[in-house]
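Visitor: Got a structure for you, written out below as structure tokens; questions coming shortly.
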Amino acid sequence: MSQVEQRVVHLQDGALAEVGAIIDRVSARRLYFVVDESAYTASGAAALLEPHFRDRCVTRFSGFDLNPKLHDVERGIEQFREADPDVVIALGGGTAIDLGKLIGTLACQPTSARDIIIGKSGIQRSGPPLIAVPTTAGTGSEATHFAVAYVDGVKYSVAHNALLPDYAIVDSTLTHSLPASITAATGLDAFCQAIESIWAVGATDESLAYATESARLAWKSLVGATHGPTAELRQAMCRASHLAGKAINISKTTASHALSYSISSEYGTPHGIAVAVTLSPMLAYNAQVSETDCADPRGPEHVLTRIRCITELLGVESVAAACGKIENLISAVGCPNSLDQVGITSNAAIQRLVTQVDANRLSNNPRHTTSKSLFALLSKNPAQGERGTSVP
Ligand SMILES: [Zn+2]
């Protein structure tokens with residue numbers, strides 16, 4: 001029961017039935033189930049999975065905070081070690097899946113969860129197989145080898161191949177009951193992850209293929225999935241979310257994600273919205289890349305080709321028009337589309353935001369960024385011209 005080398009993806013309506021088939025196939029007796037209880041019931045997953053749990057020993061982990069915290073990981077590890085499970089199932093949004101990755105893997109290491117999360121020690125071995133079942137179309141966490149965790153209020157990202165789920169079960173019927181607000185915020189996360197992946201320094205031809213298909217699908221489907229969802233639109237958003245996960249699994253994210261973490265922790269803004277509010281300014285900023293400030297070793301022409309790829313998929317000719325399209329998309333799904341609208345109204349607040357950003361995380365942005373250049377971009381200073389077009 002120890003090694004499952006190849007990751008398996010089931011991406012179709014009704015894919016949840018595969019969970020039962022997998023636990024039967026691998027003869028799992030003891031299951032560790034990380035579950036968002038409200039999503040479990042509302043999505044309809046409970047009715048389908050419970051029969052498979054009946055004659056097995058199932059240890060449930062739930063009641064965790066929104067955004068994975070060290071204390072939840074530690075509570076899970078203690079419970080996991082006692083249960084000694086032979087498979088882990090994580091069902092819910094990004095938090096549930098990240099916790100499934102962290103608990104199942106970190107419980108099997110000789111060093112403490114805290115040390116691994118803060119980077120003082122590494123992951124040395126894999127945990128039992130992980131089956132990831134997203135109930136939102138957003139983070140794409142089921143397709144990535146990293147997990148977010150907060151320690152003493154500071155956000156860390158743990159990256160290791162052992163964290164990549166062995167099985168991804170992407171069943172869009174589980175998203176049918178989501179309210180419009182969650183469809184919108186999580187869908188914006190998928191869209192932003194795809195756009196950031198397109199221009200990321202870490203992007204490859206493979207990640208670009210996933211990212212452009214994801215961005216196209218989200219661009220076409222998100223407004224409909226939010227205001228008048230059909231099975232097809234839900235399926236398209238699940239596909240967009242999964243492909244964006246596959247894209248950032250290779251390329252990683254860039255400045256808008258780096259900025260989003262302190263927006264979320266300070267203002268309580270949902271992750272997808274916190275990312276989306278700086279996507280349009282970052283597009284304007286990155287489009288002005290030059291020889292002297294290009295962070296991508298492939299050069300500014302390469303970055304500009306990627307920017308054209310974004311304007312094309314949004315169906316416009318200019319960067320200014322693409323910025324307008326992005327802002328309109330965010331408004332059209334009923335979300336705030338600027339820092340002002342999420343409550344970051346003063347230059348002092350913007351200053352605080354840009355100085356909290358980890359410079360390391362910005363290094364994947366295609367144009368060099370510093371807290372000074374971000375402040376010039378995002379602040380309200382008439383002397384520097386239009387917001388979003390100032391050059392640092
Ligand atoms: Zn994200």
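The values are calculated or read from the model by the stated rules, or taken from the named source; none is laboratory data. Computed from a prediction, not measured in an experiment: that's the story for all the values here. Every residue, glycine among them, receives a Cβ derived from its backbone with ideal geometry; neighbour counts consider all protein chains shown. Quick note on the areas: whole protein, heavy atoms, side chains included, nothing else; ligands and nucleic acids left out. Shrake-Rupley method; radii C 1.70, N 1.55, O 1.52, S 1.80 Å.
Visitor: From the residues in segment 179-209 that are open to solvent by less than 10 Å² (accessible area, probe 1.4 Å) and among the acidic types (Asp, Glu), which one is nearest to the ligand (Cβ to nearest atom)?
Guide: 189
Visitor: Additional query: I'm trying to understand the selection: among the residues of segment 272-300, which are more than 21 Å from the chain's Cα centre (by Cα) and among the hydroxyl-bearing types (Ser, Thr, Tyr)?
Guide: Those that are more than 21 Å from the chain's Cα centre (by Cα) and among the hydroxyl-bearing types (Ser, Thr, Tyr): 285, 290, 292.
Visitor: Next question. Residue 242 versus (1) closer than 21 Å to residue 222 by Cα; (2) open to solvent by 10 Å² or more (accessible area, probe 1.4 Å); (3) in a helix (DSSP H, G or I): which is the lone unmet condition?
Guide: (2)
Visitor: Is it the case, given these coordinates, that residue 311 is at pLDDT 95 or above and in contact with an Asp or Glu (Cβ under 8 Å, 6 or more places away or on another chain)? Spell out the reasoning first.
Guide: Details: at pLDDT 95 or above: yes; in contact with an Asp or Glu (Cβ under 8 Å, 6 or more places away or on another chain): yes.
Judged against the criteria, residue 311 is a match.
Visitor: Which of the residues spanning segment 298-335 are without any contact (Cβ under 8 Å) to a residue 60 or more places away in the chain, of a type in the set (D, E, K, R) and within 17 Å of residue 282 (Cβ to Cβ)?
Guide: 308, 325, 327
Visitor: Do you know which of the residues in segment 210-219 that are without any contact (Cβ under 8 Å) to a residue 40 or more places away in the chain and more than 16 Å from the ligand (Cβ to nearest atom) is nearest to residue 300 (Cα to Cα)?
Guide: Top of the filtered list is 213.
Visitor: Scan segment 253-271 for residues that are in a loop (DSSP other than H, G, I, E, B), more than 9 Å from the ligand (Cβ to nearest atom) and under 14 Å from the mean Cα position of the chain (by Cα) and report the count. Before the answer, list the steps.
Guide: Residues of segment 253-271 in a loop (DSSP other than H, G, I, E, B): 253-254, 268-270.
Now drop any that are not more than 9 Å from the ligand (Cβ to nearest atom), which leaves 254, 268-270.
Next cut, under 14 Å from the mean Cα position of the chain (by Cα) only: 254, 270.
Looking only at that region, the number is 2.
Visitor: Could you grab me the full set of residues in segment 240-287 that are of a type in the set (Asp, Glu) and modelled with pLDDT of 95 or more?
Guide: First, pick out the residues of segment 240-287 that are of a type in the set (Asp, Glu): 266.
Once the filter is applied, which keeps residues that are of a type in the set (Asp, Glu) and modelled with pLDDT of 95 or more, segment 240-287 yields nothing.
Visitor: Same structure again: Out of everything in segment 87-129 that is open to solvent by 10 Å² or more (accessible area, probe 1.4 Å) and under 24 Å from residue 176 (Cα atoms), what residue ends up being nearest to the ligand (Cβ to nearest atom)?
Guide: The selected residue is 94.
Visitor: Sticking with this one: So in segment 219-234, with the set limited to residues that are in contact with a helix residue (DSSP H, G or I) (Cβ under 8 Å, 6 or more places away or on another chain), open to solvent by less than 50 Å² (accessible area, probe 1.4 Å) and not basic (Lys, Arg), which one is farthest from residue 330 (Cα to Cα)?
Guide: 231
Visitor: Suppose we filter segment 344-358 for residues that are without any contact (Cβ under 8 Å) to a residue 12 or more places away in the chain and aliphatic (A, V, I, L, M); how many remain?
Guide: 2
Visitor: Open to solvent by 10 Å² or more (accessible area, probe 1.4 Å), touching a Leu at 6+ places or on another chain (Cβ under 6 Å) and closer than 24 Å to residue 119 by Cα: does that describe residue 152? Before you say what the answer is, go through the steps one by one.
Guide: Numbers: open to solvent by 10 Å² or more (accessible area, probe 1.4 Å): yes; touching a Leu at 6+ places or on another chain (Cβ under 6 Å): no; closer than 24 Å to residue 119 by Cα: yes.
So residue 152 fails the test.
Visitor: Would you pick out the residues in segment 155-177 that are open to solvent by 30 Å² or more (accessible area, probe 1.4 Å), of a type in the set (A, V, I, L, M, F, W, C) and either without any contact (Cβ under 8 Å) to a residue 60 or more places away in the chain or not in a loop (DSSP other than H, G, I, E, B) (or both)?
Guide: Within segment 155-177, 159 is the sole residue that qualifies.
Visitor: Separate question: Is it the case that segment 48-59 has a residue that's away from the ligand (no atom under 16 Å from the Cβ), among the hydroxyl-bearing types (Ser, Thr, Tyr), open to solvent by 20 Å² or more (accessible area, probe 1.4 Å) and modelled with pLDDT of 95 or more?
Guide: Going through segment 48-59, the residues away from the ligand (no atom under 16 Å from the Cβ) turn out to be 48-59.
Those still in the list that are among the hydroxyl-bearing types (Ser, Thr, Tyr) too: 59.
Restricting the remaining residues to those that are open to solvent by 20 Å² or more (accessible area, probe 1.4 Å) gives 59.
Those left that are additionally modelled with pLDDT of 95 or more: 59.
Scanning segment 48-59, I find at least one residue that is away from the ligand (no atom under 16 Å from the Cβ), among the hydroxyl-bearing types (Ser, Thr, Tyr), open to solvent by 20 Å² or more (accessible area, probe 1.4 Å) and modelled with pLDDT of 95 or more, so the answer is yes.
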